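In what follows, a structure is listed as C-alpha cells, so that the remarks can point back to it.
Taken together, the values in this text are just the output of simple stated rules run on the coordinates, not laboratory data. Because the structure is a prediction, the values reported are computed rather than measured. Virtual Cβ from ideal backbone geometry, glycine too; neighbours counted across all protein chains shown.
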C-alpha cells in the first residue's frame with residue numbers, strides 16, 4: 001500500500017489496516033533499532049476517524065489496542081479491535097455480523113494475536 005495523502009479519516013475504502021508488533025531489545029543502545037512484524041489479518045478497511053468525540057466518520061476500531069507479555073515465556077500478546085467478518089473457529093462472527101456487514105460496527109469485536117516465536121519482550125523469562 002502506498003501512503004495516502006490527507007488524514008486517516010479521509011482515506012478511501014481501498015486502504016487496508018493491520019496491527020503490527022514492534023520491539024527494540026536494546027533500546028538503551030543509541031545504535032539500536034526496532035524490528036517490526038505484521039501481527040494480524042486485516043482489521044479494517046477505509047477511513048478511520050482520529051478526532052475523538054468530534055468524529056463524524058468511522059470509529060469502529062475504538063482505540064482498543066494493548067500489549068502484554070507472558071511472565072513464563074516473555075512472548076507478547078496483542079489485544080486489538082477489528083470489524084471484519086470471520087468464520088475462524090476460535091474467533092467466529094459476533095451476533096448480527098454477516099459478510100455484507102464486514103467493516104461495520106456490526107462486526108466489531110476484540111481479538112488477540114499471540115507471539116509464537118522470536119525474541120521475548122523481556123529477557124530471562126521463567127520457563
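Structural remarks
- Theoretical FRET efficiency, 1/(1+(r/R0)^6), r = Cβ-Cβ of residue 73 and residue 10, R0 25 Å, to 0.05: 0.05
- Estimated at 0.36 nm per residue, the fully extended path between residue 32 and residue 18 surpasses their Cα-Cα distance by 2.5 nm.
- Sequence ranges 58-70, 28-40, ranked by mean other-Cβ count within 10 angstrom, highest first: 58-70, 28-40
- Centre-to-centre, using Cα atoms only, the range 1-53 and the range 77-127 are separated by 16 Å.
- Extension gain, residue 101 to residue 25: 0.36 nm times the residue separation minus the Cα-Cα distance gives 23.3 nm.
- Placing dummy labels 7 Å off each Cα toward the beta-carbon, the span from residue 62 to residue 87 is 2.5 nm.
- As a length-normalised measure over Cα pairs under 8 Å and 6 or more apart, the relative contact order of the chain settles at 21 percent.
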